[in-house]
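Below is one structure, written out as structure tokens; comments come after it.
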């Protein structure tokens, strides 16, 4: 594709729309990357509990600073294969099954507080999605590939699928491709059908600023974004779990940058809808600009009375900012 137009730095409106991204990431725009769809899907599942530590993933020939971030920490380090899906499991083995899908640049352990403190009776499977956390960083980096990665985790058992942001887009693709595995959807401020120019700007900005000087710089950026309403202990847990040292002595999120860049492009694709008869709950975080009017309208028109809409007075990090309300919505959807 062409090198791209000469685009000025993002406007205040664009910066607000993506205030879930650390502010240091914003600079000039350029070309984002879109992955192909010909590579095999993930084949092996590595299961860990919520105390699991880090799995290094690397991609060449990109510079080392552009590789998936690594940390060799703790006794539960998993690196058996580069095709693993790392899975966090919470709750009793015989509880109602919930598949919980995190947002872009996140990880499965983000669901720990919600699962343990508010939904202890549920059996929650929370994977690190492809390119995130301790899961594989290998392509293809598409919503279809991420959805297919989830199929072996369910082993044929239908689940209530809860998806936040990018996880909401993944949940919609899973329901569209494998309706037999999805008994219902809970979409927490889902991201889909986003503006291509905004995705273009964010992708380039992340490439320009992939890391932080130190942990406190990362904390400060989180507090200036959608994490401002989140309890400090949850932010502390996020930093401890998801930040890792880089080769240059800085810190960065434990993600695959090539995958993340592609995923921003994936969010600009056309809206994919679930089966029309599927019970679906949509939670709109009213302080967040992520849920587009087009997606909300498309879901309402397609699902009719099978769609329940809740509006939460919070920013984008719905389950962290409003855990009790989120738990009530999930429990009611079972």
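The values are calculated or read from the model by the stated rules, or taken from the named source; none is laboratory data. The structure displayed is predicted, hence computed values, not measured ones. Please note: Cβ atoms are built from the backbone with ideal geometry, for glycine as well, and neighbour counts cover all protein chains shown.
Tabulated data
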| read-out | value |
| --- | --- |
| Residue in the stretch 136-145 that is under 30 Å from residue 324 (Cβ atoms), modelled with pLDDT of 95 or more and within 17 Å of the chain's Cα centre (by Cα) present | no |
| Filtered residues of the stretch 154-176 (kept if surrounded by fewer than 18 Cβ atoms within 10 Å (Cβ to Cβ) and part of a helix (DSSP H, G or I)) | 176 |
| Test for residue 286: is it within 26 Å of residue 205 (Cα to Cα) and not assigned by the TED database to the domain that holds residue 110 | no |
| Residue 329 touching a residue at least 12 places away in the same chain (Cβ under 8 Å), touching a helix residue (DSSP H, G or I) at 6+ places or on another chain (Cβ under 7 Å), within 25 Å of residue 116 (Cα to Cα) and surrounded by 15 or more Cβ atoms within 10 Å (Cβ to Cβ) | no |
| Filter pass, residue 288 being within 24 Å of residue 140 (Cβ to Cβ) and buried (at least 18 other Cβ atoms within 10 Å of the Cβ) | no |
| Single match in 278, 307, 273 (criterion: over 22 Å from residue 105 (Cβ atoms) and out of contact with any strand residue (DSSP E or B) (no Cβ under 9 Å at 6 or more places or on another chain)) | 273 |
| Options 207, 235, 160: the member that is within 19 Å of the chain's Cα centre (by Cα), over 20 Å from residue 316 (Cβ atoms) and not assigned by the TED database to the domain that holds residue 313 | 207 |
| Qualifying residue in the stretch 96-109 (condition: assigned by the TED database to the domain that holds residue 180, more than 13 Å from residue 254 (Cα to Cα), in a loop (DSSP other than H, G, I, E, B) and within 16 Å of the chain's Cα centre (by Cα)) | yes |
| Criterion (touching a strand residue (DSSP E or B) at 6+ places or on another chain (Cβ under 6 Å) and either in contact (Cβ under 8 Å) with a residue 60 or more places away in the chain or farther than 19 Å from residue 322 by Cβ (or both)) met by exactly one of 181, 239, 243, 172 | 243 |
| Filter result for residue 92 (surrounded by fewer than 21 Cβ atoms within 10 Å (Cβ to Cβ), assigned to a helix (DSSP H, G or I) and either in contact (Cβ under 8 Å) with a residue 12 or more places away in the chain or out of contact with any helix residue (DSSP H, G or I) (no Cβ under 7 Å at 6 or more places or on another chain) (or both)) | no |
